[in-house]
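Quick notes on the structure that follows.
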């Protein structure tokens, strides 16, 4: 079975997202709905979507539209038909009857349902049709959420399921996990249970919602929204419907029934229109006081709102042992939640999946947890867990583990895929080296550096690990969501607050030296980015010899937004790339002005295709749909370059003062139009100084070190200003830029 043509029926959020991802993979797809106008509007939404569902807007032409009355015959040409209509079984049954009358022999049919079992969906199908039917549960937004649950039952043709899985994994770039036909499948069964435990335990222990979210968040390796923030994001009313579905589908003996019980406060919020972010607010709401917007949080006991309190539990890193052993109510809450999640997840093996490992991966891929329940157990330690947890009677998995006390029970990771992923390879490293900000995995023929800080922000230790790892061919790659969000601004501000600018200067110089060493290393350096690749993260990438990029990246130099200029070689490298164009050969102002525009506005690209016109990435850089394949592709690059020789050092001829004056005139217009304010002029002038070459002339040759020094000097002048420090502090506290 080769999938060359797909029909998606239903052009809502999920149907549109699936069609867009097929389009990204260059698979012809037809989107059908009740009326062609509905499908056409969905296509227009795809084209305008933010964040974009397409890696390249020109791909929109790969989607055809139609309606299920006049154009249903297209189903007969499809290798795969995806049903993504409303969650009403009568409507689905009608659609299936039409599909199986029209479809060609051996095509596969799937439903994108998140809750209806195959047994119910397929009850009117023939035995032969049931063989070719399964559930393909994508997560929203389809382009960005890695998890795809392919749900089978005893009627499924397992060979076809396998072929569909490989297609979805390799061509669509999904983490495709095959699981059994049970309520909520893998991700939602554990993820929703975890949310409910976190919520009910917060009520029981009388924690504030801010306290609960501070624990059930980054310290546990869970996204920072926490539980109450996530409830608001999903929709409190929608979550209530999800819970009703679980209550209906699961037996009374299932532990889920206990945590899914209706909570009076939640019922009241829904009845009064407080359904979350889409409503008047939810557990959190935005209120106006004295014409100022203030974020407020609800008191779980009284139902009254109060200004949110910032909770600092003094734990930046995921350290579950330390967290559950805290001698305070935060430690008590963390242990209660984690132990219940581990107990529940393990009680479902092998019912929902034969491989407990798959549950971990579903939570990583579908809920962005850094560790699944069994990895949490592995980190806590088997002996430590059973010292604290005794209530596991009837849980066969834990009963067996309590007898064996096998600390290495977890074994190989990511069993769901045959691809040699970073997660698998890390456990086979010859030696592990590194520090608190990055790990170095050493193998016979190459090294891997993985950043380990929050958002993989870079600091002195990150650079130290990179420099230390250049003794062999090097791959810079991360298992977490981001490649690197840039230099650690908190790290920088800790020095600035003490007026210790010498330490900042020392760090920036070390950053520059490290990037230069990457570029001219004796051995090839490959960067394999996915997610955020901004500022300093981009500077590491752009000074690597090779790039294998995931299609889901956000890449760019955004330093001006926080009142700085790129100082790790970003200005230098962008100048060089633009200076190689034909236009630049005839006009020495061309490259600096182009880069001035790109960096000045902090332009970003949301895919490798968008990055190429900005020259953030080059045509020869690899573009990979499957994130799991990044390591394999990076290794093949190293193997193909066994005779690698470092590039020749570059030099520049820049116009100097005349060009700087031209740039300042552009800034003055923006200032007069109130696009930038006073400090925007200061930042822009420093950027102009770097890109024009400073005190130079067109007949003078500037080395890379000269450009590094220009970057450093401008950076230091800016970081010493109160206005730049205000910008940085504002961004750190709000996540938004300050215009001053």
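Along each of its three principal axes, how wide is the spread of alpha-carbon positions in region 658-740, in whole angstrom units, largest first?
Between the extreme Cα coordinates on each principal axis of region 658-740 lie 45, 29, 17 Å.
Helix-only mean residue ellipticity at 222 nm, the chain, DSSP H runs n ≥ 4 weighted -39,500 (n - 2.57), per residue, nearest 500. What is it?
-13500 deg cm²/dmol
Radius of gyration and Dmax for region 187-404's Cα atoms, expressed in Å?
In order Rg, Dmax, the Cα atoms of region 187-404 give 17.6, 63 Å.
Angle, helix 704-719 long axis vs. longest principal axis of the chain, Cα atoms, 0 to 90°, nearest 10?
Relative to the chain, helix 704-719 is tipped by roughly 70 degrees.
Roughly what angle does helix 590-600 make with the longest principal axis of the chain, taking Cα atoms, 0 to 90 degrees, to the nearest 10?
The angle comes out at about 50 degrees.
Output the antiparallel fraction of DSSP beta bridges having both residues in the chain, as a percent to the nearest 5.
Percentage antiparallel, nearest 5: 40.
Looking at region 6-180, what % of the alpha carbon pairs are farther apart than 29 Å?
12 percent
Post the alpha-carbon centroid distance, region 654-678 to region 590-636, in whole angstrom.
The two parts, judged by their Cα centres, are 27 Å apart.
Evaluate the Debye formula for region 195-236 with equal point scatterers sitting on the alpha carbons, no solvent, and hand back log10 of I(q)/I(0) at q = 0.31 Å⁻¹, in q order, two decimals.
Summing over Cα pairs of region 195-236 leads to -1.12.
May I ask you to compute the full-extension gain from residue 319 to residue 740, defined as 0.36 nm times their residue separation minus their alpha-carbon distance, rounded to one decimal in nm?
Taking residue 319 through residue 740 to full extension adds about 147.7 nm, to one decimal.
When N counts the residues of region 104-222, how does its alpha-carbon radius of gyration compare numerically with 2.2 N^0.38 Å, as a ratio?
1.33
Take every Cα-Cα distance within the chain, group them into 20 Å bins from 0 onward, and report for each bin the whole-number percent of pairs it holds.
The calculated distribution, bin by bin, is 16, 46, 34, 5, 0.
Gap in Å between the Cα centre of region 475-513 and the Cα centre of region 187-229?
Here the answer is 31 Å between Cα centres.
Quote the relative contact order of region 6-180 in percent (integer), defining contacts as alpha-carbon pairs under 8 Å separated by 6+ residues.
21 percent
Just the C-alpha atoms of region 395-514: what Rg/Rh do they give, with Rh taken as the Kirkwood radius?
Across region 395-514, the Cα-based Rg/Rh ratio is 1.11.
What is the ratio of the Cα radius of gyration of region 570-700 to 2.2 N^0.38 Å, where N is its residue count, to two decimals?
Scaled against compact globular proteins, the figure is 1.29.
What is region 82-166 by shape, rounded, prolate or oblate, if you read a ≥ b ≥ c off the alpha carbon gyration tensor as root eigenvalues and call it rounded for a/c under 1.5, prolate for a/b larger than b/c, and oblate otherwise?
Oblate.
How far, in degrees from 0 to 90, does helix 158-170 lean away from the longest principal axis of the Cα atoms of the chain, to the nearest 10?
In the chain, helix 158-170 runs at an angle near 20 degrees to the longest axis.
Bear in mind that the values in this text are calculations on the coordinates, not laboratory data. Note that the structure is a prediction, hence the values are computed from the model and not measured.
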